[in-house]
Amino acid sequence: MNKEELQALVRDKLKDYPFIVVSNREPYIHSWVGEEIRCLRPASGLTMALDPVMQACGGTWIAHGSGDADPDVVDKDGRISVPTEAPRYTLKRVWLSKKEEAGYYDGFSNQALWPLCHIVYIKPIFRQQDWETYNEVNRRFADAVYAEIGEKGAFVFIQDYHLALLAKMIKERCPNVITAQFWHIPWPNYEAFRICPWQEEILDGLLANDLIGFHTLYHCNNFLETVDRTLECRIEREKHAIVRGGHSTWVQAFPISVDFAEISARSGREEVTKEVDRLRHEYNLRQEFIGIGIDRLDYTKGIVERFKAIDLFLSRNPRYEGRFTFVQAAEPSRTHVDEYKKLNEEIDELVEEINWRRWRSRWKPILYIKEHFTPFTLSALQRLASFCIVSSLHDGMNLVAKEFVSSRADGDGVLILSRFTGAARELTDALPVNPYSVDDIAKAIKAAVIMSKKERRTRMSALRATVQENNIYSWANNIISEIAKFQFPEG
Ligand code: GDG
(Lines give C-alpha, C1' and ligand atoms only; values in the text may rest on other atoms or scores of the structure.)
Protein backbone atom coordinates (compact mmCIF):
# COMPACT_ATOMS: atom_id res chain seq x y z
CA MET A 1 0.00 0.00 0.00
CA ASN A 2 1.33 3.47 -0.84
CA LYS A 3 0.25 7.08 -0.41
CA GLU A 4 -1.77 7.20 -3.63
CA GLU A 5 -3.63 3.99 -2.87
CA LEU A 6 -4.51 5.31 0.59
CA GLN A 7 -5.81 8.55 -0.95
CA ALA A 8 -8.04 6.55 -3.29
CA LEU A 9 -9.32 4.46 -0.40
CA VAL A 10 -10.19 7.53 1.67
CA ARG A 11 -12.01 9.11 -1.29
CA ASP A 12 -13.90 5.90 -1.88
CA LYS A 13 -14.72 4.86 1.68
CA LEU A 14 -15.12 8.07 3.63
CA LYS A 15 -16.77 9.92 0.73
CA ASP A 16 -17.97 13.32 1.90
CA TYR A 17 -17.52 12.78 5.60
CA PRO A 18 -14.96 15.04 7.24
CA PHE A 19 -11.88 13.19 8.53
CA ILE A 20 -10.80 14.57 11.91
CA VAL A 21 -7.73 13.48 13.87
CA VAL A 22 -7.46 14.53 17.53
CA SER A 23 -4.30 14.23 19.61
CA ASN A 24 -2.55 16.02 22.41
CA ARG A 25 0.74 16.57 20.53
CA GLU A 26 0.66 18.67 17.37
CA PRO A 27 2.58 17.63 14.25
CA TYR A 28 4.18 21.08 13.69
CA ILE A 29 5.29 23.47 16.44
CA HIS A 30 6.02 27.14 15.77
CA SER A 31 8.61 28.77 18.01
CA TRP A 32 10.32 32.12 18.23
CA VAL A 33 14.06 32.01 17.62
CA GLY A 34 15.22 35.60 18.10
CA GLU A 35 13.13 37.69 15.70
CA GLU A 36 12.26 34.73 13.52
CA ILE A 37 9.51 32.10 13.72
CA ARG A 38 10.70 28.53 13.12
CA CYS A 39 8.60 25.45 12.54
CA LEU A 40 9.80 22.15 13.97
CA ARG A 41 8.64 18.55 14.07
CA PRO A 42 8.35 17.20 17.61
CA ALA A 43 10.11 13.99 18.68
CA SER A 44 6.94 11.99 18.95
CA GLY A 45 6.20 8.59 17.50
CA LEU A 46 2.54 9.45 17.17
CA THR A 47 2.98 12.61 15.10
CA MET A 48 5.76 11.08 12.98
CA ALA A 49 3.44 8.23 12.06
CA LEU A 50 0.25 10.19 11.45
CA ASP A 51 1.57 13.18 9.52
CA PRO A 52 2.11 11.20 6.28
CA VAL A 53 -1.37 9.73 6.64
CA MET A 54 -2.92 13.20 7.01
CA GLN A 55 -0.83 14.49 4.12
CA ALA A 56 -2.33 11.72 2.01
CA CYS A 57 -5.93 12.00 3.25
CA GLY A 58 -6.41 15.71 3.98
CA GLY A 59 -8.84 16.75 6.74
CA THR A 60 -8.38 18.50 10.07
CA TRP A 61 -5.99 17.62 12.90
CA ILE A 62 -6.99 19.07 16.28
CA ALA A 63 -4.15 19.28 18.84
CA HIS A 64 -2.77 21.31 21.70
CA GLY A 65 -0.93 24.41 20.44
CA SER A 66 2.24 24.16 22.49
CA GLY A 67 4.71 26.44 20.67
CA ASP A 68 5.36 29.99 21.86
CA ALA A 69 4.79 31.27 18.30
CA ASP A 70 1.77 29.04 17.62
CA PRO A 71 -0.78 31.81 18.36
CA ASP A 72 1.07 34.17 16.00
CA VAL A 73 0.62 32.06 12.86
CA VAL A 74 -3.02 30.87 13.07
CA ASP A 75 -6.30 32.46 11.97
CA LYS A 76 -8.95 33.62 14.47
CA ASP A 77 -10.24 30.04 14.91
CA GLY A 78 -6.78 28.69 15.71
CA ARG A 79 -6.31 27.15 12.23
CA ILE A 80 -3.28 26.92 9.98
CA SER A 81 -2.64 24.91 6.80
CA VAL A 82 0.32 22.55 7.05
CA PRO A 83 2.98 21.73 6.05
CA THR A 84 3.46 25.46 5.46
CA GLU A 85 5.65 24.97 2.37
CA ALA A 86 3.07 22.71 0.63
CA PRO A 87 -0.22 22.66 2.58
CA ARG A 88 -2.08 19.34 2.61
CA TYR A 89 -4.35 19.55 5.66
CA THR A 90 -5.60 21.86 8.43
CA LEU A 91 -4.09 21.96 11.90
CA LYS A 92 -6.49 23.40 14.47
CA ARG A 93 -4.88 24.33 17.74
CA VAL A 94 -6.48 24.05 21.18
CA TRP A 95 -5.05 26.44 23.77
CA LEU A 96 -4.41 25.26 27.32
CA SER A 97 -3.41 27.26 30.38
CA LYS A 98 -0.24 26.32 32.28
CA LYS A 99 -2.45 25.00 35.08
CA GLU A 100 -4.36 22.78 32.64
CA GLU A 101 -1.12 21.49 31.13
CA ALA A 102 0.28 20.73 34.57
CA GLY A 103 -2.76 18.74 35.70
CA TYR A 104 -3.79 17.02 32.48
CA TYR A 105 -0.46 16.46 30.69
CA ASP A 106 2.35 16.41 33.28
CA GLY A 107 -0.04 15.13 35.93
CA PHE A 108 -2.68 12.57 35.00
CA SER A 109 -1.36 11.61 31.54
CA ASN A 110 2.32 11.32 32.36
CA GLN A 111 2.49 10.60 36.07
CA ALA A 112 -0.54 8.33 36.29
CA LEU A 113 -1.45 6.70 32.95
CA TRP A 114 2.04 6.47 31.39
CA PRO A 115 3.65 4.54 34.28
CA LEU A 116 0.41 2.59 34.80
CA CYS A 117 0.55 1.21 31.23
CA HIS A 118 4.33 0.73 31.00
CA ILE A 119 5.44 -1.91 33.43
CA VAL A 120 8.86 -0.51 34.33
CA TYR A 121 8.37 -0.32 38.10
CA ILE A 122 7.76 3.41 38.37
CA LYS A 123 4.84 3.97 40.71
CA PRO A 124 1.91 5.89 39.14
CA ILE A 125 0.78 8.99 41.03
CA PHE A 126 -3.00 9.44 41.20
CA ARG A 127 -4.02 12.94 42.29
CA GLN A 128 -7.69 13.87 42.47
CA GLN A 129 -6.96 17.37 41.15
CA ASP A 130 -5.05 15.99 38.12
CA TRP A 131 -7.97 13.70 37.32
CA GLU A 132 -10.40 16.62 37.44
CA THR A 133 -8.19 18.69 35.17
CA TYR A 134 -7.85 15.70 32.81
CA ASN A 135 -11.67 15.61 32.59
CA GLU A 136 -11.86 19.36 31.94
CA VAL A 137 -9.22 19.26 29.22
CA ASN A 138 -10.85 16.27 27.49
CA ARG A 139 -14.02 18.42 27.53
CA ARG A 140 -12.06 21.29 25.90
CA PHE A 141 -11.01 18.95 23.07
CA ALA A 142 -14.63 17.76 22.71
CA ASP A 143 -15.72 21.41 22.36
CA ALA A 144 -13.13 21.87 19.62
CA VAL A 145 -14.42 18.81 17.75
CA TYR A 146 -18.01 20.06 18.09
CA ALA A 147 -17.02 23.49 16.80
CA GLU A 148 -15.53 21.75 13.76
CA ILE A 149 -18.33 19.34 12.81
CA GLY A 150 -21.46 20.25 14.79
CA GLU A 151 -24.03 17.51 14.30
CA LYS A 152 -22.84 16.49 10.83
CA GLY A 153 -21.64 12.99 10.05
CA ALA A 154 -17.89 12.68 10.46
CA PHE A 155 -15.12 10.21 11.20
CA VAL A 156 -13.14 11.20 14.27
CA PHE A 157 -9.87 9.39 14.86
CA ILE A 158 -8.69 9.92 18.46
CA GLN A 159 -5.09 9.33 19.49
CA ASP A 160 -3.67 7.93 22.66
CA TYR A 161 -3.97 7.95 26.41
CA HIS A 162 -4.29 11.72 26.91
CA LEU A 163 -7.84 11.61 25.55
CA ALA A 164 -9.41 8.52 27.10
CA LEU A 165 -12.68 10.31 27.89
CA LEU A 166 -13.05 12.13 24.59
CA ALA A 167 -15.13 9.64 22.56
CA LYS A 168 -17.88 9.64 25.18
CA MET A 169 -17.89 13.43 25.40
CA ILE A 170 -18.02 13.80 21.62
CA LYS A 171 -20.83 11.31 21.18
CA GLU A 172 -22.99 13.11 23.76
CA ARG A 173 -22.97 16.18 21.52
CA CYS A 174 -22.27 14.88 18.03
CA PRO A 175 -24.56 11.88 17.52
CA ASN A 176 -23.60 11.36 13.87
CA VAL A 177 -19.96 10.58 14.26
CA ILE A 178 -18.04 7.36 14.11
CA THR A 179 -15.06 7.35 16.41
CA ALA A 180 -11.98 5.17 16.49
CA GLN A 181 -9.20 5.47 19.05
CA PHE A 182 -5.66 4.24 18.75
CA TRP A 183 -3.82 3.56 22.00
CA HIS A 184 -0.13 4.07 21.18
CA ILE A 185 1.27 2.62 24.40
CA PRO A 186 0.91 -0.86 25.90
CA TRP A 187 -2.28 -1.91 27.67
CA PRO A 188 -1.24 -3.71 30.87
CA ASN A 189 -2.91 -6.76 32.38
CA TYR A 190 -5.95 -6.43 34.65
CA GLU A 191 -3.90 -6.82 37.86
CA ALA A 192 -1.78 -3.82 36.92
CA PHE A 193 -4.59 -1.63 35.61
CA ARG A 194 -6.97 -2.13 38.51
CA ILE A 195 -4.90 0.05 40.86
CA CYS A 196 -6.20 3.09 38.98
CA PRO A 197 -8.90 4.72 41.14
CA TRP A 198 -10.79 5.82 38.01
CA GLN A 199 -10.50 2.58 36.06
CA GLU A 200 -14.24 2.36 35.43
CA GLU A 201 -14.54 5.93 34.17
CA ILE A 202 -11.60 5.42 31.81
CA LEU A 203 -13.01 2.20 30.38
CA ASP A 204 -16.45 3.78 30.11
CA GLY A 205 -14.94 6.68 28.15
CA LEU A 206 -13.01 4.39 25.81
CA LEU A 207 -15.94 2.08 25.14
CA ALA A 208 -17.91 4.93 23.58
CA ASN A 209 -15.62 4.35 20.56
CA ASP A 210 -16.77 2.15 17.70
CA LEU A 211 -13.25 0.82 17.25
CA ILE A 212 -10.22 0.71 19.55
CA GLY A 213 -6.80 -0.18 18.15
CA PHE A 214 -3.65 -1.39 19.87
CA HIS A 215 -0.26 -2.33 18.41
CA THR A 216 -0.43 -6.02 19.32
CA LEU A 217 -2.90 -8.79 19.95
CA TYR A 218 -1.41 -9.14 23.41
CA HIS A 219 -2.49 -5.57 24.30
CA CYS A 220 -5.97 -6.26 22.84
CA ASN A 221 -6.34 -9.34 25.01
CA ASN A 222 -5.20 -7.44 28.10
CA PHE A 223 -7.80 -4.78 27.33
CA LEU A 224 -10.63 -7.31 26.84
CA GLU A 225 -9.69 -9.01 30.10
CA THR A 226 -9.59 -5.67 31.96
CA VAL A 227 -13.03 -4.68 30.66
CA ASP A 228 -14.46 -8.13 31.37
CA ARG A 229 -13.33 -8.04 34.98
CA THR A 230 -14.25 -4.40 35.63
CA LEU A 231 -17.54 -3.63 33.90
CA GLU A 232 -20.92 -5.24 33.32
CA CYS A 233 -20.75 -6.17 29.63
CA ARG A 234 -20.60 -9.00 27.08
CA ILE A 235 -17.32 -9.93 25.44
CA GLU A 236 -17.63 -11.58 22.03
CA ARG A 237 -14.15 -13.02 21.87
CA GLU A 238 -14.34 -14.57 18.44
CA LYS A 239 -15.39 -11.19 17.00
CA HIS A 240 -13.09 -9.23 19.32
CA ALA A 241 -16.02 -7.04 20.32
CA ILE A 242 -17.37 -5.67 23.59
CA VAL A 243 -21.12 -5.18 23.80
CA ARG A 244 -22.37 -2.83 26.47
CA GLY A 245 -25.74 -1.08 26.76
CA GLY A 246 -26.57 -2.03 23.16
CA HIS A 247 -23.35 -0.49 21.76
CA SER A 248 -20.50 -2.54 20.30
CA THR A 249 -16.84 -1.62 20.39
CA TRP A 250 -14.46 -3.58 18.17
CA VAL A 251 -10.98 -4.15 19.55
CA GLN A 252 -8.23 -4.98 17.08
CA ALA A 253 -4.47 -4.99 16.61
CA PHE A 254 -2.99 -2.58 14.05
CA PRO A 255 0.82 -2.56 14.32
CA ILE A 256 1.86 0.99 13.47
CA SER A 257 4.72 1.72 11.12
CA VAL A 258 6.63 4.42 9.24
CA ASP A 259 6.73 5.93 5.76
CA PHE A 260 9.24 3.41 4.45
CA ALA A 261 9.44 4.80 0.89
CA GLU A 262 10.00 8.38 2.04
CA ILE A 263 12.62 7.53 4.68
CA SER A 264 14.42 5.15 2.35
CA ALA A 265 14.55 7.76 -0.43
CA ARG A 266 15.59 10.52 2.00
CA SER A 267 18.58 8.54 3.20
CA GLY A 268 20.07 8.61 -0.31
CA ARG A 269 19.69 12.36 -0.81
CA GLU A 270 22.59 14.70 -1.31
CA GLU A 271 21.68 16.71 1.83
CA VAL A 272 21.97 13.57 3.94
CA THR A 273 25.34 12.65 2.42
CA LYS A 274 26.58 16.15 3.30
CA GLU A 275 25.17 15.76 6.79
CA VAL A 276 27.02 12.45 7.22
CA ASP A 277 30.27 14.26 6.33
CA ARG A 278 29.47 17.12 8.69
CA LEU A 279 28.76 14.77 11.60
CA ARG A 280 31.95 12.78 10.98
CA HIS A 281 33.96 15.97 10.93
CA GLU A 282 32.26 17.86 13.76
CA TYR A 283 32.22 14.95 16.20
CA ASN A 284 35.36 13.21 14.97
CA LEU A 285 33.36 10.10 14.09
CA ARG A 286 36.11 8.24 12.27
CA GLN A 287 36.07 5.02 14.28
CA GLU A 288 35.59 1.64 12.62
CA PHE A 289 32.33 0.96 14.48
CA ILE A 290 29.62 3.50 15.24
CA GLY A 291 26.64 2.49 17.33
CA ILE A 292 23.61 4.77 17.65
CA GLY A 293 20.57 5.29 19.86
CA ILE A 294 17.78 7.79 19.13
CA ASP A 295 15.19 8.38 21.83
CA ARG A 296 13.06 10.76 23.73
CA LEU A 297 14.70 11.00 27.13
CA ASP A 298 12.28 8.63 28.86
CA TYR A 299 12.73 6.03 31.59
CA THR A 300 10.92 3.44 29.47
CA LYS A 301 13.60 3.52 26.76
CA GLY A 302 16.30 1.67 28.73
CA ILE A 303 19.05 4.23 28.09
CA VAL A 304 20.81 3.57 31.41
CA GLU A 305 20.96 -0.19 30.73
CA ARG A 306 22.31 0.52 27.21
CA PHE A 307 25.17 2.68 28.50
CA LYS A 308 26.08 0.13 31.16
CA ALA A 309 26.16 -2.51 28.43
CA ILE A 310 28.54 -0.41 26.33
CA ASP A 311 30.80 -0.12 29.35
CA LEU A 312 30.63 -3.87 29.95
CA PHE A 313 31.30 -4.61 26.26
CA LEU A 314 34.47 -2.50 26.39
CA SER A 315 35.61 -4.13 29.64
CA ARG A 316 35.27 -7.55 28.07
CA ASN A 317 36.65 -6.53 24.67
CA PRO A 318 39.36 -3.92 25.31
CA ARG A 319 40.65 -4.24 21.75
CA TYR A 320 37.64 -2.14 20.66
CA GLU A 321 38.75 0.86 22.77
CA GLY A 322 39.33 3.72 20.36
CA ARG A 323 37.76 1.75 17.49
CA PHE A 324 34.17 2.16 18.64
CA THR A 325 31.92 5.13 19.49
CA PHE A 326 28.32 5.10 20.57
CA VAL A 327 26.30 8.19 19.59
CA GLN A 328 23.16 8.77 21.61
CA ALA A 329 20.71 11.40 20.36
CA ALA A 330 18.37 12.17 23.23
CA GLU A 331 15.62 14.71 22.98
CA PRO A 332 14.63 16.05 26.44
CA SER A 333 11.03 15.17 27.20
CA ARG A 334 8.45 15.94 29.94
CA THR A 335 11.04 18.04 31.69
CA HIS A 336 8.62 19.31 34.37
CA VAL A 337 8.03 15.82 35.75
CA ASP A 338 10.25 14.79 38.70
CA GLU A 339 10.91 11.24 37.46
CA TYR A 340 12.26 12.71 34.19
CA LYS A 341 14.46 15.23 36.00
CA LYS A 342 15.90 12.36 38.04
CA LEU A 343 16.53 10.29 34.92
CA ASN A 344 18.21 13.21 33.20
CA GLU A 345 20.63 13.60 36.10
CA GLU A 346 21.24 9.88 36.40
CA ILE A 347 22.17 9.59 32.72
CA ASP A 348 24.38 12.72 32.79
CA GLU A 349 26.33 11.27 35.71
CA LEU A 350 26.59 7.82 34.17
CA VAL A 351 27.92 9.10 30.83
CA GLU A 352 30.33 11.40 32.58
CA GLU A 353 31.65 8.57 34.74
CA ILE A 354 32.06 6.06 31.88
CA ASN A 355 33.71 8.62 29.58
CA TRP A 356 35.99 9.92 32.35
CA ARG A 357 37.17 6.39 33.16
CA ARG A 358 37.79 5.40 29.54
CA TRP A 359 38.77 8.49 27.52
CA ARG A 360 42.01 8.52 25.58
CA SER A 361 43.33 11.54 23.70
CA ARG A 362 40.38 12.71 21.51
CA TRP A 363 38.39 9.48 21.97
CA LYS A 364 35.44 8.88 24.31
CA PRO A 365 33.19 5.81 24.10
CA ILE A 366 29.88 7.67 24.37
CA LEU A 367 28.91 10.80 22.51
CA TYR A 368 25.77 11.96 24.27
CA ILE A 369 23.93 14.72 22.42
CA LYS A 370 20.91 16.14 24.17
CA GLU A 371 19.21 18.21 21.53
CA HIS A 372 16.50 18.19 18.89
CA PHE A 373 17.67 16.94 15.49
CA THR A 374 16.14 17.56 12.10
CA PRO A 375 14.92 14.50 10.16
CA PHE A 376 17.97 14.95 7.87
CA THR A 377 20.41 14.71 10.75
CA LEU A 378 18.58 11.64 12.07
CA SER A 379 18.82 10.03 8.61
CA ALA A 380 22.53 10.83 8.50
CA LEU A 381 23.09 9.26 11.91
CA GLN A 382 21.20 6.17 10.84
CA ARG A 383 23.24 5.92 7.67
CA LEU A 384 26.62 6.15 9.31
CA ALA A 385 25.82 3.60 12.03
CA SER A 386 27.21 0.07 12.11
CA PHE A 387 24.38 -0.81 14.48
CA CYS A 388 21.42 0.76 16.27
CA ILE A 389 20.34 -0.17 19.81
CA VAL A 390 16.68 -0.02 20.85
CA SER A 391 16.65 -1.24 24.44
CA SER A 392 13.21 -0.14 25.69
CA LEU A 393 12.13 -1.77 28.95
CA HIS A 394 8.58 -1.65 27.60
CA ASP A 395 7.35 0.04 24.42
CA GLY A 396 4.05 -0.06 22.54
CA MET A 397 5.79 -0.33 19.16
CA ASN A 398 9.00 1.77 18.83
CA LEU A 399 9.34 3.58 15.55
CA VAL A 400 13.07 4.24 15.81
CA ALA A 401 13.65 0.54 15.05
CA LYS A 402 11.53 0.78 11.91
CA GLU A 403 13.07 4.11 10.87
CA PHE A 404 16.59 2.68 11.17
CA VAL A 405 15.67 -0.23 8.92
CA SER A 406 13.93 2.08 6.42
CA SER A 407 16.93 4.36 6.18
CA ARG A 408 19.36 1.52 5.34
CA ALA A 409 18.81 1.57 1.59
CA ASP A 410 22.44 0.40 1.41
CA GLY A 411 21.28 -2.94 2.87
CA ASP A 412 23.82 -2.86 5.70
CA GLY A 413 23.63 -2.22 9.49
CA VAL A 414 22.53 -4.32 12.46
CA LEU A 415 19.50 -3.69 14.66
CA ILE A 416 19.69 -4.70 18.33
CA LEU A 417 16.12 -4.76 19.58
CA SER A 418 14.46 -5.20 22.96
CA ARG A 419 12.07 -8.14 23.19
CA PHE A 420 9.65 -5.89 25.08
CA THR A 421 8.79 -3.62 22.16
CA GLY A 422 5.82 -4.18 19.86
CA ALA A 423 8.34 -3.98 16.99
CA ALA A 424 10.11 -7.14 18.18
CA ARG A 425 7.09 -9.20 17.10
CA GLU A 426 7.57 -8.18 13.47
CA LEU A 427 11.31 -7.49 13.23
CA THR A 428 12.44 -11.01 13.88
CA ASP A 429 15.73 -10.59 11.97
CA ALA A 430 17.01 -8.08 14.51
CA LEU A 431 19.28 -9.27 17.35
CA PRO A 432 16.83 -9.69 20.25
CA VAL A 433 17.80 -8.63 23.78
CA ASN A 434 16.33 -8.60 27.24
CA PRO A 435 17.06 -4.95 28.13
CA TYR A 436 17.08 -5.71 31.87
CA SER A 437 20.14 -7.87 31.24
CA VAL A 438 23.17 -5.64 30.70
CA ASP A 439 25.07 -8.83 29.89
CA ASP A 440 22.60 -9.69 27.11
CA ILE A 441 22.96 -6.24 25.48
CA ALA A 442 26.77 -6.37 25.77
CA LYS A 443 26.80 -9.76 24.02
CA ALA A 444 24.54 -8.41 21.27
CA ILE A 445 26.95 -5.49 20.72
CA LYS A 446 29.77 -7.99 20.33
CA ALA A 447 27.67 -10.05 17.92
CA ALA A 448 26.90 -6.91 15.90
CA VAL A 449 30.54 -5.83 15.51
CA ILE A 450 31.81 -9.27 14.51
CA MET A 451 28.87 -10.17 12.23
CA SER A 452 29.89 -10.97 8.66
CA LYS A 453 28.82 -8.60 5.92
CA LYS A 454 26.84 -11.43 4.32
CA GLU A 455 24.80 -12.05 7.46
CA ARG A 456 24.22 -8.31 8.00
CA ARG A 457 22.89 -7.96 4.48
CA THR A 458 20.65 -11.03 4.73
CA ARG A 459 19.14 -9.82 7.98
CA MET A 460 18.73 -6.22 6.82
CA SER A 461 17.11 -7.30 3.60
CA ALA A 462 14.51 -9.34 5.51
CA LEU A 463 13.90 -6.46 7.95
CA ARG A 464 13.43 -4.00 5.10
CA ALA A 465 10.99 -6.28 3.32
CA THR A 466 8.89 -6.46 6.51
CA VAL A 467 8.73 -2.68 7.03
CA GLN A 468 8.21 -2.01 3.33
CA GLU A 469 5.23 -4.36 3.30
CA ASN A 470 3.68 -3.21 6.58
CA ASN A 471 4.25 0.53 6.21
CA ILE A 472 2.30 3.44 7.66
CA TYR A 473 -0.12 3.51 4.71
CA SER A 474 -1.03 -0.16 5.25
CA TRP A 475 -1.66 0.68 8.90
CA ALA A 476 -4.00 3.55 7.98
CA ASN A 477 -5.61 1.44 5.27
CA ASN A 478 -6.39 -1.34 7.74
CA ILE A 479 -7.99 1.05 10.21
CA ILE A 480 -9.96 3.01 7.61
CA SER A 481 -11.18 -0.22 5.97
CA GLU A 482 -12.51 -1.37 9.34
CA ILE A 483 -14.19 1.98 9.94
CA ALA A 484 -15.78 1.86 6.51
CA LYS A 485 -17.66 -1.27 7.58
CA PHE A 486 -19.69 0.82 10.03
CA GLN A 487 -22.83 2.47 8.78
CA PHE A 488 -22.28 6.23 8.89
CA PRO A 489 -25.35 7.79 10.52
CA GLU A 490 -27.20 10.32 8.34
CA GLY A 491 -26.31 13.83 9.45
C1 GDG B 1 4.76 6.37 21.24
C2 GDG B 1 4.92 4.98 21.87
C3 GDG B 1 4.95 4.00 19.56
C4 GDG B 1 13.50 11.21 18.39
N5 GDG B 1 14.42 12.19 18.56
C6 GDG B 1 14.18 13.11 17.62
C7 GDG B 1 13.09 12.69 16.85
N8 GDG B 1 12.70 11.52 17.34
C9 GDG B 1 11.59 10.73 16.77
C10 GDG B 1 12.00 9.35 16.33
C11 GDG B 1 10.65 8.64 16.30
C12 GDG B 1 9.91 9.32 17.45
O13 GDG B 1 10.60 10.52 17.76
C14 GDG B 1 9.88 8.45 18.68
O15 GDG B 1 8.98 7.38 18.43
P16 GDG B 1 8.93 6.04 19.28
O17 GDG B 1 7.95 5.13 18.63
O18 GDG B 1 10.30 5.50 19.33
O19 GDG B 1 8.50 6.46 20.75
P20 GDG B 1 7.38 7.39 21.49
O21 GDG B 1 7.59 8.83 21.23
O22 GDG B 1 7.43 6.96 22.91
O23 GDG B 1 6.00 6.96 20.80
C24 GDG B 1 5.66 4.05 20.92
C25 GDG B 1 4.65 5.40 19.04
O26 GDG B 1 3.98 6.20 20.02
C27 GDG B 1 3.78 5.35 17.79
O28 GDG B 1 2.60 4.67 18.05
O29 GDG B 1 5.80 3.37 18.63
O30 GDG B 1 5.72 2.74 21.46
O31 GDG B 1 5.59 5.07 23.12
O32 GDG B 1 9.93 8.91 15.12
O33 GDG B 1 12.65 9.41 15.08
N34 GDG B 1 12.59 13.38 15.81
C35 GDG B 1 13.20 14.57 15.50
N36 GDG B 1 14.26 15.05 16.21
C37 GDG B 1 14.78 14.36 17.27
O38 GDG B 1 15.76 14.80 17.90
N39 GDG B 1 12.75 15.28 14.42
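The values are calculated or read from the model by the stated rules, or taken from the named source; none is laboratory data. Since we're looking at a predicted model, the values are computed, not measured. A quick note on method: Cβ atoms are made from the backbone with ideal geometry, for glycine too, and the neighbour counts reach across all protein chains shown. All accessible areas refer to the heavy atoms of the entire protein, side chains included, with ligands and DNA or RNA removed. Shrake-Rupley method; radii C 1.70, N 1.55, O 1.52, S 1.80 Å.
Relative contact order for the chain: 15 percent, from Cα pairs under 8 Å spaced at least 6 residues apart, divided by residue count.
The charge dipole of region 88-208, taken about its Cα centre with unit charges on the Cβ of Lys, Arg, Asp and Glu (plus for the first two, minus for the last two), comes to roughly 340 debye.
For the chain, a crude dipole built from +1 on the beta carbon of Lys and Arg and -1 on the beta carbon of Asp and Glu, taken about the Cα centre, is about 1580 debye to the nearest 20.
Scanning residues 5 or more positions from ILE125 or on other chains, those with amide H under 5 Å from its amide H are ALA112, with H placed 1.01 Å from N in the peptide plane.
Within a straight-line Cα-Cα reach of under 17 Å, LYS99 can be paired with the following aspartates and glutamates, leaving aside sequence neighbours fewer than 8 residues apart in one chain: ASP68, ASP130, GLU132, GLU136, ASP338.
Candidates LEU46, LEU165, SER109 compared by Cα position along the dipole of the chain: farthest toward the positive end lies LEU46, with charges placed on Cβ.
With θ taken as phi - 60° and the coefficients 6.51, -1.76 and 1.60, list the Karplus ³J(HN,Hα) couplings across region 273-287 in order, rounded to whole Hz; mark glycine and proline as x. Computed from phi, the couplings for region 273-287 are 4, 5, 5, 4, 4, 4, 4, 4, 6, 5, 9, 6, 8, 10, 5 Hz. Rounded to 0.05, the FRET efficiency of the SER452 and ASP68 pair, given R0 = 51 Å and the Cβ-Cβ distance, is 0.50. Per-residue Karplus couplings for region 328-337, computed as 6.51 cos²θ - 1.76 cosθ + 1.60 with θ equal to phi - 60°, are listed in order as 10, 8, 10, 8, x, 9, 6, 5, 8, 8 Hz, Gly and Pro entered as x. Here GLU403 sits with roughly 40 square angstrom of accessible surface, probe radius 1.4 Å. Whole-Hz Karplus values for region 78-83 come out as x, 9, 8, 8, 9, x Hz, taken residue by residue from phi with 6.51 cos²θ - 1.76 cosθ + 1.60 and θ = phi - 60°; glycine and proline positions read x.
Counting only alpha carbon atoms, the long axis of helix 438-450 and the longest principal axis of the chain meet at about 60°. Remark: spin-label model distance HIS281-GLU262 equals 3.0 nm, labels positioned 7 Å along the Cα→Cβ axis. The radius of gyration of the Cα set in the chain, together with its Dmax, comes out at 22.5, 72 angstrom. Eigenvalues of the alpha-carbon gyration tensor of region 209-248, scaled by 5 and square-rooted, set the equivalent ellipsoid semi-axes at 16, 12, 9 angstrom, largest first.
Stokes-Einstein diffusion for region 87-230 at 37 °C, viscosity 0.692 mPa s, with a Kirkwood radius from C-alpha pairs, works out to 208 µm²/s. The per residue volume of the convex hull around the alpha-carbon atoms of region 261-469 is 110 Å³.
In this structure, the amide hydrogen of VAL327, modeled 1.01 Å from its nitrogen in the peptide plane, lies closer than 5 angstrom to those of GLY291, ILE292, GLY293, LEU367, counting only residues at least 5 positions away or on a different chain. At full extension, ASP75 and GLN129 could sit 16.2 nm farther apart than now, given 0.36 nm per residue minus the alpha carbon distance. Just the protein heavy atoms count here, and of the accessible area of region 315-421 at 1.4 Å, carbon and sulfur take up 50 percent.
Within region 1-160, the ratio Rg/Rh, alpha carbon atoms throughout and Rh by Kirkwood, equals 0.99.
For region 255-273 and region 217-252, write down the distance between their C-alpha centroids in whole Å. Region 255-273 and region 217-252 have Cα centres spaced 37 Å from each other.
Per residue, the average separation of C-alpha pairs within less than 8 Å and at least 6 apart gives region 1-110 a relative contact order of 26 percent.
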